[in-house]
Amino acid sequence: MTVVVRRALGTAAATALLCTGAVACGGGSDKGAESDTQSHSQVTRALTAAYEKTSEAKSAKVEMTMKMPSSPMASATGGGTMKMSGTMGWDPTVMDMTMSGSALAAGDPDAPKDIRMVWQDDVMYMDMGTAAAKDMDGKRWMKMDLGALAKESGDETLTRQMTGSLDSMNQDPAQQIAVLLDSPNLKHIGSATVDGVQTQHYKGKLTVDEMMKSNDSLKVLSKSERSKLLENVKKAGIKDYDTELWVNEDDLPVRMNVTMDSAQGAVEISEKFSDYGAAVKVDVPPANQTFDLMDMLKELGDAAGAGASDSDV
């Protein structure tokens with residue numbers, strides 16, 4: 001496997017971790033004294049209003065940080081920190097984000113320090129840098145269509161799992177709030193100032209079972225597949241997900257922290273949102289600057305098959 005292919009696969013896996021983590025994990029703990037100043041019904045009304053306003057906004061500027069322990073769960077990156085910043089739109093999903101961080105380049109000193117990622121029409125493009133271009137006939141952008149990859153494999157289970165991953169990547173802040181609303185112990189912590197903005201601070205916890213029931217993207221899996229996933233998650237020592245949310249006076253989330261504890265340590269995600277309604281214009285790279293991850297995997301498969309045939313002769 002070439003360096004470019006290894007780097008492409010590692011980056012793709014790391015990106016999926018970061019993009020899907022916000023719906024599957026949680027971050028940050030409250031170090032102050034909790035003050036449940038609103039009733040559960042008041043909290044529900046407040047977050048329902050936040051859900052509705054966020055749905056209507058359809059886009060925002062986003063800053064996301066994900067901290068991962070070195071563990072089998074983070075084997076694609078070896079642990080470390082990943083960051084993403086840029087603009088994201090939902091309904092339909094569109095992104096123009098830049099990724100960076102120690103986890104992105106773990107084990108690969110030649111990996112680019114920053115990777116720009118654009119998303120449109122359920123296809124992701126990632127700028128893999130000049131090193132990739134040297135090995136790919138001047139093409140530096142990797143195209144990744146998870147749905148096409150799954151269909152090409154002919155594996156129905158993989159197809160459903162990939163579709164679920166796409167749905168998870170498409171999760172917008174509004175859908176994250178919808179999942180949080182299912183928390184049976186959702187509470188209001190109090191008022192707080194976040195980056196100079198006056199907010200109301202909320203906190204909730206979901207067990208693994210509750211999270212899986214709330215996450216619509218997992219409904220594409222069969223009952224046995226969901227059971228296996230649940231079993232694997234519990235084997236990793238994960239019991240629940242803690243989520244904190246700060247909402248401004250316009251009923252829009254300013255910050256969301258999610259923490260998932262595992263046997264290897266905590267996975268922590270922090271997201272900051274601003275400029276709701278910001279225009280998202282994505283310029284998809286031209287074909288002559290793009291290499292398709294699926295084509296690369298096909299070539300590797302053909303080469304492996306040819307090698308096996310030669311060895312049988």
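Annotation: amide H of Val194 within the under-5 Å range of Thr199, sequence separation 5 or more or interchain, hydrogens built in the peptide plane. Please identify which residues in the range 49-63 have an amide N closer than 17 Å to a label point set 7 Å out from the Cα of Ala192, following the Cα→Cβ vector. 63, by backbone N distance to the label point.
Please order Glu210, Glu56, Glu244 by the number of other Cβ within 10 Å, starting at the fewest. Numbers along the way, then the final one.
Details: Glu210 16, Glu56 12, Glu244 22.
Final ranking by Cβ density, sparse to dense: Glu56, Glu210, Glu244.
Each reported figure results from applying straightforward, stated rules to the coordinates on display, with no laboratory input. Fair warning: this is a prediction, and the values are worked out from it, not measured in the lab. Because the Cβ atoms are built from the backbone with ideal geometry, glycine has one as well, and the counts that use them run over all protein chains shown.
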